[in-house]
Amino acid sequence: MIFNSLEYALFLPLIFALYWFVVNKRVTWQNILLLFASLFFYGSWDWRFLFLLSFSTFLGYFTGIRIEKAGTPKWKKFWFWLSIVLNVGFLAIFKYYNFFVQSFADLFNSMGMNLDASSITLNIILPVGISFYTFHVLSYVIDIYLDRIKSEKSIVDFGLFVAYFPLLVAGPIERATHLLPQLKKERSLSFNNAVDGMRQILWGLFKKVVVADGCAEYANLIFDGSADYSGSMLFVGALFFTFQIYCDFSGYSDIALGTSRLFGIELLRNFAFPYFSRDIAEFWRRWHISLTTWFRDYIYIPLGGSRGGTWMKVRNTFIIFLVSGFWHGANWTFIIWGALNAIYFLPLLLTNSNRNNLETVAQGKIFPTIRELVGMIVTFLMAVFGWIFFRATDLNHALTYIGKMFSEDLFKKPAIPSLAYVPIVFVLFFLVVEWFGREKKYALEDFAPSWWFPFRWLFYSFLIAAIVVLSGVEQQFIYFQF
Amino acid sequence: MKKFLIRLLAFVFCFFIIDKAFILVRDSSPQREVDRRLEFILQGKIRADIVVMGSSRGARSLIAQQIEDSTNQPSYNLAFPGSDVTFHEYVLRTLLETKGNKKPSTIVLVVDDSDELKTSKSLKFRFDRMYPLVKYKSVRDEMVKRKEKKPVVTELLVLHQLNKSNFKFTPRKFTKNDSIMPCGSMPISHQKKTFDKKYGTTQYVYKREGELIQKVNAFKEMVAMCERNDIDFIVAIPPNFRKVTAGFANRLQLLVGKSGTVWIYDEAKPEYSNPDYFFDNAHLQKTGSVVYTAEFASFLKNKD
């Protein structure tokens with residue numbers, strides 16, 4: 001079951017009705033309902049995935065209590081490392097084992113040995129969302145170990161923290177310090193919150209179904225047949241993917257946040273208009289925020305962060321970008337993508353200008369300054385270039401794509417098919433709405449609510465109409481594979 | 001909560017009303033099409049004894065009017081460029097099931113050597129040809145059956161029946177590759193600029209690996225439909241600018257069995273290795289189509 005499916009359109013109102021009208025007397029009942037709904041939601045992919053999710057949940061729950069109650073530092077460390085090794089171990093087996101086996105075999109084969117990796121690779125499916133819920137559990141266990149939080153005694157609340165369906169398969173990656181206290185409190189749904197939640201879901205669906213899936217059609221066409229296209233069309237293909245990946249993932253996050261708001265629970269923000277960033281450091285403060293801050297808090301800072309000398313800063317920056325790339329998938333393309341972003345970041349870090357642009361661009365104004373505009377365009381183009389590695393099937397594909405893109409016909413007029421102008425028009429519309437909403441939590445938060453209601457309803461009807469017309473075969477969200 | 005639910009219901013009601021206005025868009029879509037052949041089928045207007053089906057090779061290689069002149073049997077071309085065998089199966093099924101269409105005596109399926117049953121980038125089920133015709137319930141049902149559209153939503157919302165092509169309000173124009181004759185055939189009278197004119201002498205051998213079960217089943221279903229309706233089923237392999245794939249005809253004959261015939265053109269004819277008769281490596285141009293159609297019509301006349 002995915003957010004843009006008919007099943008979810010039936011599932012959500014049903015759970016909403018039960019939550020507010022049947023089990024609304026006690027928080028515990030509401031949490032039990034949400035937990036079962038989450039397990040049903042996850043099991044609808046493949047019921048076998050539930051075993052791994054349950055194991056990860058029980059492991060985090062049990063080791064969390066053991067860490068807190070350990071009599072000696074030695075035992076505390078034991079339970080901590082047991083939890084880390086098992087959690088990371090499962091992630092490694094399911095997500096990275098085949099990659100390492102294949103990479104080692106390729107390495108040995110390049111040295112003249114004849115190794116067949118296929119006999120020792122595993123034929124297993126990657127459980128949806130494993131990277132996300134593993135990170136939930138890891139952050140919880142680390143926080144207990146560092147005495148930042150107390151362990152959770154209620155298995156229902158902890159289970160819900162790990163498996164809460166809006167964020168289970170593609171985040172945002174929540175923190176126990178943020179989500180668990182909310183699960184203990186009584187919740188209420190005000191009219192404004194409910195409308196706001198619905199509006200955010202609507203905007204998320206628009207981004208996913210209309211912009212991302214519309215761009216995906218042409219991005220796939222161009223990337224899959226890159227040998228047949230001119231340099232300028234390859235650039236257009238990279239642009240299509242740039243908007244696809246953002247609208248796909250931030251659309252998902254908007255639906256997740258909006259859905260959760262309908263249950264009276266606030267989730268962490270995941271995107272803050274990254275394509276309006278003036279430098280790459282700002283981009284990374286605004287892109288996939290929950291993951292970036294996770295790496296910052298649990299890897300970068302423990303490694304020494306920016307406190308040491310220049311060498312330490314550079315080393316730590318490279319480590320978190322490489323790990324971030326690797327987190328996305330077991331493919332060299334993601335690692336190169338991570339490394340490329342580290343290289344982008346380096347000049348800012350070395351000149352201490354990585355925290356220059358902390359505020360939203362052109363705050364309180366309609367237009368940016370020329371300097372801001374140039375900064376945004378350059379940052380955007382750097383991101384576009386990086387996404388080629390992210391989208392390519394392998395390193396060879398990425399390099400061929402880039403080589404062909406930077407040929408002499410890069411400046412020729414691209415032969416864009418006439419129907420491809422539909423997603424282009426929607427991208428422009430989306431950019432305008434995002435620009436005017438860039439100082440808010442999400443673009444639509446303050447874009448239409450103040451309008452006279454017939455106009456407002458017409459605007460919402462337009463968004464829904466576009467979603468309904470363009471929703472054909474359900475397209476998976478890109479980040480489900482991670 | 002009560003206020004929220006009331007507002008939500010009011011909005012849903014208003015949206016439902018707005019949605020119904022799009023019936024105008026849906027119902028005016030067919031008028032903007034220049035290729036009306038699929039709509040003729042849905043309207044029960046096909047009156048041919050010999051019907052040619054297939055993809056661009058069928059549309060461009062066999063000239064239905066020439067077949068009609070030669071055999072004295074009404075002929076019509078229902079081949080759609082870019083379509084695969086699953087689409088051909090849909091066209092044949094619709095042709096036979098729609099009231100008003102005359103049951104043909106012969107179906108000629110012009111196949112793609114050798115992608116007919118395999119994955120192909122250029123051949124697909126042509127939903128884009130169906131969207132202008134979504135005002136017909138049978139078209140909507142087929143889209144739902146093929147999971148292009150969601151079942152309940154398609155019934156509830158007119159908007160869900162449409163796609164972006166329905167909002168292109170200017171009439172479609174034919175390109176120079178798409179001009180259509182009154183008999184439904186679409187021969188081309190020029191050559192593709194990138195045609196290298198080198199005759200492929202490599203002898204490829206057909207392999208069944210890579211065949212798609214959906215395509216094989218659709219092909220079998222076409223055979224079965226023809227058998228049930230007592231229709232002569234002919235599978236025609238048209239010329240590529242290379243040798244015919246060895247074993248391809250045998251594979252098709254195996255699927256057709258005794259319920260039809262697989263016919264291959266005479267490879268020895270000099271026209272089929274002369275680039276002047278070809279549009280590109282995979283398609284004849286009109287001069288070649290005339291030669292090929294004449295050969296096919298002769299086969300048809302002598303068949304019985």
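The values are calculated or read from the model by the stated rules, or taken from the named source; none is laboratory data. What you see is a predicted model, and the numbers here were worked out from it, not measured in a lab. Using ideal geometry, Cβ is built from the backbone for each residue, glycine included, and neighbour counts are taken over all protein chains shown. Ligands, DNA and RNA are excluded from the accessible area calculation, which covers all protein heavy atoms including side chains. Shrake-Rupley method; radii C 1.70, N 1.55, O 1.52, S 1.80 Å.
Using only DSSP helix segments of four residues or longer, with each worth -39500 (n - 2.57), what per-residue ellipticity at 222 nm results for chain B after dividing by its residue count and rounding to 500?
Working: 12 runs with 121 residues, N = 304.
Mean residue ellipticity at 222 nm (helix-derived): -11500 deg cm²/dmol.
Amide H contacts of B:Val262: B:Val235, each under 5 Å away and 5 or more positions distant or on a separate chain (H built 1.01 Å from N in the peptide plane; Pro and chain starts excluded).
Can you give the charge dipole size of region B:1-153 about its Cα centre, rounded to the nearest 20 debye, using +1 on the beta carbon of Lys and Arg and -1 on the beta carbon of Asp and Glu? All intermediate terms of the calculation are to be shown ahead of the outcome.
Working: 29 positive and 19 negative charges, 231 e Å.
Here the size comes out at about 1120 debye.
Dividing the Cα radius of gyration of region B:86-218 by 2.2 N^0.38 Å, with N the residue count, gives 1.31. What a 1.4 Å probe finds exposed on region A:341-422 is 66% carbon and sulfur by accessible area, rounded to a whole percent.
Shown for region B:1-27: residues covered by the partner protein chains by 50 Å² or more of accessible area relative to the chain by itself (probe radius 1.4 Å), namely B:Met1, B:Phe4, B:Arg7, B:Phe11, B:Phe15.
Measuring r between the beta carbons of B:Asn217 and B:Lys3 and using R0 = 60 Å, the FRET efficiency lands at 0.65. One decimal place: the segment A:Lys184-A:Glu408 gains 74.5 nm when fully extended, by the rule 0.36 nm per residue minus the C-alpha distance. Heavy-atom accessible surface of region A:360-474, averaged per residue, reaches 54 Å², computed with a 1.4 Å probe.
Just to confirm, what accessible area per residue do you get for region A:6-187 at 1.4 Å probe, in whole Å²? Numbers along the way, then the final one.
Values: 8970 Å² over 182 residues.
Roughly 49 Å² per residue, with all protein chains present.
Given the rule -39500 (n - 2.57) for each run of at least 4 DSSP H residues, summed and divided by the residues of chain A, what is its mean residue ellipticity at 222 nm, to the nearest 500 deg cm²/dmol? Walk me through the intermediate numbers first.
On the way: 20 runs with 299 residues, N = 482.
Counting only the DSSP helices, I get -20500 deg cm²/dmol.
Looking at region B:195-256, the GluC sites (Glu not before Pro) that sit in a DSSP loop and have at most 10 other Cβ atoms within 10 Å of their own Cβ are B:Glu209.
Just going by the charge dipole of region A:6-187, with Lys and Arg at +1 and Asp and Glu at -1 on Cβ, which of A:Asn114, A:Phe99, A:Gly159 is farthest out on the positive end? Looking along the dipole axis, the top candidate is A:Gly159. Taking every residue in B:146-154 and counting other chain Cβ atoms within 10 Å of its Cβ, the average works out to 3.
Of B:Phe278, B:Phe11, B:Phe167, the residue with the greatest mean-square motion in the GNM of chain B, using alpha carbon springs below 10 Å, is B:Phe11.
Percent of accessible area on region A:1-137 owned by carbon and sulfur, 1.4 Å probe?
On the way: 5320 of 7440 Å².
C and S atoms contribute 71 percent here.
State log₁₀ I(q)/I(0) for region A:10-50 at q = 0.13, 0.17, 0.18, 0.29 Å⁻¹ as given by the Debye formula over alpha-carbon point scatterers of equal weight, solvent excluded. Each listed q maps to, in turn, -0.29, -0.46, -0.51, -0.93. Under a Gaussian network description of chain B, with springs only between Cα atoms under 10 Å, the residue in B:Pro132, B:Pro275, B:Pro171 that fluctuates furthest is B:Pro171. Give me the orientation-averaged projected area of the Cα convex hull of chain B, in nm², one decimal. If I average the Cα hull's projected area over directions, I get 18.7 nm².
Taking Cα centre as origin and charging only the Cβ of basic (Lys, Arg, +1) and acidic (Asp, Glu, -1) residues, the dipole magnitude of the protein assembly as shown rounds to 1800 debye.
Once a ≥ b ≥ c are taken as the square roots of the eigenvalues of the Cα gyration tensor of region A:218-337, is the result rounded (a/c under 1.5), prolate (a/b larger than b/c) or oblate (a/b not larger than b/c)?
Judged from the Cα gyration tensor, region A:218-337 comes out oblate (a/c at least 1.5, b/c at or above a/b).
Would you please give the FRET efficiency between B:Val34 and A:Ala227, computed as 1/(1 + (r/R0)^6) with r the Cβ-Cβ distance and R0 = 30 Å, to the nearest 0.05? Before the final figure, lay out the partial values.
Details: r = 33 Å, r/R0 = 1.09.
The pair B:Val34/A:Ala227 has a calculated efficiency of 0.40.
For B:Leu123, no residue has an amide H sitting under 5 Å from its own, ignoring neighbours fewer than 5 places away on the same chain, with H placed 1.01 Å from N. Remark on B:Leu284: its backbone amide H falls under 5 Å from those of B:Phe279, a criterion applied only to residues 5 or more positions apart or on other chains, H modelled at 1.01 Å from N.
Could you check what % of the DSSP bridge pairs in the protein assembly as shown are antiparallel, to the nearest 5? Can you show the working numbers first?
Details: 3 of 24 bridges.
Of all bridge pairs located within the protein assembly as shown, approximately 10 percent are antiparallel.
Approximating the spin labels as points 7 Å out from Cα along Cα→Cβ, the B:Lys168-to-B:Thr287 distance works out to 3.3 nm. Rank B:Leu78, B:Leu95, B:Leu157 by mean-square fluctuation in a GNM of chain B with C-alpha springs under 10 angstrom and give only the top-ranked residue. Judging by the Gaussian network model, the answer is B:Leu157.
What is region B:46-119 by shape, rounded, prolate or oblate, if you read a ≥ b ≥ c off the alpha carbon gyration tensor as root eigenvalues and call it rounded for a/c under 1.5, prolate for a/b larger than b/c, and oblate otherwise? Walk me through the intermediate numbers first.
Numbers: a/c = 2.56, a/b = 1.30, b/c = 1.97.
Oblate, because a/c is 1.5 or more while a/b does not exceed b/c.
Which FRET efficiency value, to the nearest 0.05, is calculated for A:Ile84 and A:Leu52 with the Förster distance at 25 angstrom and r the Cβ-Cβ distance? E(calc), rounded to 0.05, equals 0.90. The label-point distance for A:Val378 and B:Asp230, in a model that sets each label 7 Å from Cα toward Cβ, rounds to 8.1 nm.
With all protein chains kept in place, the per residue accessible area of chain B amounts to 46 square angstrom at a probe of 1.4 angstrom. Couplings 3J(HN,Hα) of region A:105-121, computed from phi: 4, 4, 4, 5, 5, 5, 8, x, 7, 10, 10, 9, 6, 4, 6, 10, 6 Hz, in residue order, whole Hz [Karplus 6.51 cos²θ - 1.76 cosθ + 1.60, θ = phi - 60°; x for Gly and Pro]. Basic side chains Lys and Arg get +1 at the Cβ, acidic Asp and Glu get -1 at the Cβ, and with that the dipole of region A:204-258 about its Cα centre reaches some 160 debye. One equal scatterer on each Cα of the protein assembly as shown, no solvent, Debye formula: the resulting log10 I(q)/I(0) at q = 0.05, 0.08 Å⁻¹ is -0.33, -0.82. Within region A:393-476, the chymotrypsin sites (Phe, Trp or Tyr not before Pro) that combine a DSSP coil assignment with at most 13 other C-beta atoms in a 10 angstrom radius are A:Phe406, A:Trp451, A:Trp452. Distance between the pseudo-spin-label points of B:Leu254 and A:Ser5 (7 Å out from Cα toward the beta carbon): 3.7 nm. Sequence-ordered 3J(HN,Hα) estimates for region A:51-61 from the Karplus curve with 6.51, -1.76 and 1.60 and θ = phi - 60° stand at 4, 5, 4, 5, 4, 4, 5, 5, 4, x, 4 Hz, glycine and proline given as x. Sparse packing (at most 16 other Cβ atoms within 10 Å of the Cβ) combined with a DSSP loop state is found for the following trypsin sites (Lys or Arg not before Pro) in region A:234-336: A:Arg269, A:Arg307. Evaluating 6.51 cos²θ - 1.76 cosθ + 1.60 at θ = phi - 60° for every residue in region A:385-401, the Karplus couplings come out as 4, x, 5, 4, 5, 5, 8, 4, 6, 8, 5, 4, 4, 4, 5, 5, 4 Hz, glycine and proline recorded as x.
What longest region of chain B stays clear of trypsin sites (Lys or Arg not before Pro) that DSSP places outside H, G, I, E and B and that have at most 13 other Cβ atoms within 10 Å?
Numbers: sites that count: B:Arg47, B:Lys99, B:Lys121, B:Lys147, B:Arg172, B:Lys173, B:Lys176, B:Lys193, B:Lys197, B:Lys198, B:Lys207, B:Arg208.
The reported range is B:209-304.
Based on the alpha-carbon gyration tensor of region A:6-187 and its eigenvalue square roots a ≥ b ≥ c, which shape applies: rounded if a/c is under 1.5, prolate if not and a/b is larger than b/c, or oblate? It comes out oblate by the Cα gyration axes. For the chain pair A and B, the interface hides roughly 2400 square angstrom of accessible area in total, found with a 1.4 Å probe.
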